[in-house]
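Here's the structure we're looking at; comments come further down.
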Amino acid sequence: MVDFNKIEEILAREEIQTASYSKRIIAHIIDDLLLSMVIIGIFWDSIIQNAGNTEVILEIISSSWFILYGVRILYHWLFVQFFGASIGKIVVKIRVIELGLLDNPNFKQALLRSLFRALSEFLIYLPFIVIFTNSLKMGLHDMIANTIVVELKPYNA
């Protein structure tokens, strides 16, 4: 079980703030747009060949859910593990850290977070409601992976 008080104490001591809802939403939109472009790119030839047939194009896109979620999982897993953030999070200056060392999540944490994040999307975003129910704005995927989304510290020159 997540000890919110202990996490809040650690974050306060290290002067780390959780990411705002608005930045998280903007990052999510950016990531979804980028991933949509990748999926469209994957199926571009099929889409062009059937440009006049809307039903066929919708069938191509709707039948690609397995590839869509595979790309989503891979994208979030690798970016969070290696950079601590997806491209959307990088743009809005937030990142994912693991709660032990306050650094990028390790292989297992990034994979778990990515898998449960994708599952939350698949379940019509309902598990994301958890983000609005706790002071640390942790989603179910963060609680399972022992991670949190935080603001990047501004650097003074």
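Condition check: within 21 Å of GLY84 (Cβ to Cβ), assigned to a loop (DSSP other than H, G, I, E, B), open to solvent by 40 Å² or more (accessible area, probe 1.4 Å) and not hydroxyl-bearing (Ser, Thr, Tyr). Does GLU8 satisfy that?
Considered against the rule, which asks whether it is within 21 Å of GLY84 (Cβ to Cβ), assigned to a loop (DSSP other than H, G, I, E, B), open to solvent by 40 Å² or more (accessible area, probe 1.4 Å) and not hydroxyl-bearing (Ser, Thr, Tyr), GLU8 comes out as no.
Looking at segment 84-94, is at least one residue at pLDDT below 95 and of a type in the set (Val, Ile, Thr)?
Looking for residues that are at pLDDT below 95 and of a type in the set (Val, Ile, Thr), one finds none in segment 84-94, hence no.
Pairs please, first residue from segment 29-43 and surrounded by 12 or more Cβ atoms within 10 Å (Cβ to Cβ) and part of a helix (DSSP H, G or I), second anywhere and modelled with pLDDT under 90 and basic (Lys, Arg), Cβ atoms under 6 Å, 6+ apart in sequence or on different chains.
Short answer, once both residue conditions are applied: none.
Return yes or no: is VAL96 of a type in the set (A, V, I, L, M) and in contact (Cβ under 8 Å) with a residue 60 or more places away in the chain?
No.
Among the numbered criteria (1) over 30 Å from PRO154 (Cα atoms); (2) more than 11 Å from the chain's Cα centre (by Cα), which single criterion is violated by LEU115?
(2)
Okay, residues lined up against (1) among the aromatic types (Phe, Trp, Tyr); (2) farther than 18 Å from LEU33 by Cα:
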position: VAL91; (1), (2): no, no
position: GLN109; (1), (2): no, yes
position: PHE128; (1), (2): yes, yes
position: GLY139; (1), (2): no, yes
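Kindly check whether there is at least one residue in segment 85-100 that is over 17 Å from the mean Cα position of the chain (by Cα) and open to solvent by 70 Å² or more (accessible area, probe 1.4 Å).
For segment 85-100, residues over 17 Å from the mean Cα position of the chain (by Cα) and open to solvent by 70 Å² or more (accessible area, probe 1.4 Å): absent.
Scanning segment 72-83 for residues that are crowded, with 16+ Cβ neighbours inside 10 Å and under 18 Å from GLU121 (Cβ atoms), which turns out modelled with the lowest pLDDT?
In this case the residue turns out to be ARG72.
Among the candidates LEU58, LEU35, which residue alone is among the aliphatic types (A, V, I, L, M) and out of contact with any Phe, Trp or Tyr (no Cβ under 7 Å at 6 or more places or on another chain)?
On inspection, the qualifying residue turns out to be LEU58.
Based on what the data block shows, is LEU123 at positive phi and open to solvent by 30 Å² or more (accessible area, probe 1.4 Å)?
For LEU123, the condition - at positive phi and open to solvent by 30 Å² or more (accessible area, probe 1.4 Å) - is not met.
Return the residues of segment 16-28 that are surrounded by 11 or more Cβ atoms within 10 Å (Cβ to Cβ) and either of a type in the set (Gly, Ala, Ser) or more than 21 Å from the chain's Cα centre (by Cα) (or both); say none if nothing qualifies.
ALA19, SER20, ALA27
Just wondering, is there one or more residues in segment 62-70 that are under 20 Å from LEU140 (Cβ atoms) and modelled with pLDDT under 95?
Within segment 62-70, one or more residues are under 20 Å from LEU140 (Cβ atoms) and modelled with pLDDT under 95.
Of the numbered conditions (1) of a type in the set (Gly, Ala, Ser); (2) part of a helix (DSSP H, G or I); (3) surrounded by fewer than 14 Cβ atoms within 10 Å (Cβ to Cβ), ALA51 fails exactly one; give the number of that condition.
(2)
Cβ-Cβ distance below 8 Å, separation of 6 or more or different chains: which pairs start in segment 64-83 with a residue that is closer than 17 Å to GLY41 by Cβ and end on one that is outside any helix (DSSP H, G or I) and among the polar types (S, T, N, Q)?
TYR75/SER86
The values are calculated or read from the model by the stated rules, or taken from the named source; none is laboratory data. Just so we're clear, the structure is a prediction, and the values are computed from it rather than from any experiment. For neighbour counting, all protein chains shown are included, and Cβ atoms are generated from backbone atoms with ideal geometry for every residue, glycine included. With ligands, DNA and RNA removed, areas are computed over all heavy atoms of the protein, side chains included. Shrake-Rupley method; radii C 1.70, N 1.55, O 1.52, S 1.80 Å.
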